[in-house]
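The values are calculated or read from the model by the stated rules, or taken from the named source; none is laboratory data. The structure presented is a predicted model; accordingly, all values stated were derived computationally and were not measured. Cβ placement follows ideal geometry from the backbone for every residue including glycine, while neighbour counts extend to all protein chains displayed. These area figures cover heavy atoms from the full protein model, side chains too; ligands, DNA and RNA do not enter into them. Shrake-Rupley method; radii C 1.70, N 1.55, O 1.52, S 1.80 Å.
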Amino acid sequence: MADKTTFIATGDSFMTRRLPKDGYPGFAEIQQILSQYDVRFNNLEITIHNQEGYPATVSGGTWAMAEPEILDDLKRYGFNLYNTANNHSGDYGCGGVMATIKYLRQRDMVFAGTGETLRDAAAPAYLETPNARVALIAANSCVAGASAIAGDRSVSMKVGRPGLNPLRRVTTYHVEQKYFDMLKEVAETTCMNAAQLYSIACGYSNPLPEDKLNFGGISFKLDDKTEKHTAPNEQDMERMVANIQEARRQADYVLVSIHSHTFDALDTTIPAEYLKIFAKACIDAGADAILGHGPHELRGIEIYKGKPIFYSLGDFIFQTETVSHQPADAYANKNMPHDTFVGAYMNQRSADGTRGYCVLENIWRSVMAGFTAEDGKITQIQLYPIDMQMGAARSKMGIPHLAENDEVLKYLAELSAPFGTKITIQDNVGYIDL
């Protein structure tokens, strides 16, 4: 085992604009911090190709595509390890998945989360550093369209299905007797479960237990209290655990990257129940750190068995509104003609910059999370606050700069406190000692 290895992780990079040749004011400071670390992780939240895939019928919100040279710009920041499993992975179908993989491999970039088959997408990727071999396993739990999920080859077929490694969830609503009876009456009166009842009558499906109810595809369970529960899909969890255990055999450190938008109740900063279960199960299986991203905002940090769970690192680069292309489906969704310009579409979607992400402060502040490991144990976490220029012109919003004050760190400390995590702040850097 190597004596010391350093890591730094960032959140989503939805990058649609090239870096200027000489960078931008603040670029060198970001680059300099990243360069101090051996392992430099980023979530690549965009497909990379020149219209080499067909648009999917649904997208992750914006059909995400950028020119391959964007990868060169990410390398200029200094990143050397990437997640490619997120809700935009399937925006351009299997063709977009494979084209992105092609351009990553052409540049010798190490990534995990997507592949030609499910086995490939779920497999660990390995980064060789001077002092340690580091594994990354990546998954996405907010799939936009089932076709984005990778599939394996069968005995009778030579090919599988390119796509991403999924972490699906099972949601069950527990309700008291009075609510259960009301739902059952509505279901029976409207015949909303007619197809399922017919399948049961024909012997294809099994009857549900008396204390369970299917309400048009939503699962309810009779209980003495009313509440919502979520849990990881067992098959997906088993696949993750198996790959973590294999990575544990083959590497000195194991990182798990998870892309998740889901939240608890109505508070977008609180991770969903299943995500907490997933993160701790991954650490129990041998992971050293959980790198969460997806909701485009920060979530708290939890230390479990001496290992960090970053429930969300927020954004690193966020340039959705300057994407170059959108398919006809995007315009149809807004009742706009197919020959609409992308800029006009974005203006309509954001009501000329007065609604949506562009006016939500938490979207535009995040952190770069560094951590130091010695003899296999993480000893300290360093947090560098990021500001992405909320309120700037569209051409400048979404570019990372070091924050000029410690407000981001104080906010993250508030989010982390319920997990029992204490962040100390010194010279505009946050520290967690383990």
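Once the 1.4 Å probe is applied to the protein heavy atoms, the chain comes out at 45 Å² accessible per residue. Beyond 24 Å in Cα-Cα separation lie the following of the pairs LYS178/LYS228; LYS75/LYS305; LYS21/LYS410: LYS75/LYS305; LYS21/LYS410.
For a label point 7 angstrom out from the Cα of GLN51 toward its Cβ, which stretches of region 311-328 have the backbone nitrogen within less than 16 Å? Of the residues in region 311-328, 323-328 have backbone N under 16 Å from the label point off GLN51. The distance between label points at GLU246 and GLU361 comes to 4.6 nm (points 7 Å beyond Cα on the Cα→Cβ vector). Placing a label point 7 Å from the Cα of ASN206 along the Cα-to-Cβ line, no residue of region 158-190 has its backbone N under 16 Å from it. Accessible surface of region 46-107, 1.4 Å probe: 51 percent of it comes from carbon and sulfur atoms. When both bridge partners sit in the chain, DSSP labels roughly 60% of those beta bridges antiparallel. Shape of region 152-304 from its Cα gyration tensor (a ≥ b ≥ c, root eigenvalues): rounded if a/c is under 1.5, otherwise prolate when a/b > b/c, or oblate? The shape class here is oblate. Considering helices alone, the calculated mean residue ellipticity of the chain at 222 nm is -7500 deg cm²/dmol, with DSSP H runs of length four and up weighted by -39500 (n - 2.57) and normalised per residue.
Exposed loop sites here mean chymotrypsin sites (Phe, Trp or Tyr not before Pro) with a DSSP loop assignment and at most 15 other beta-carbon atoms within 10 Å; the chain contains its longest site-free run at 1-203.
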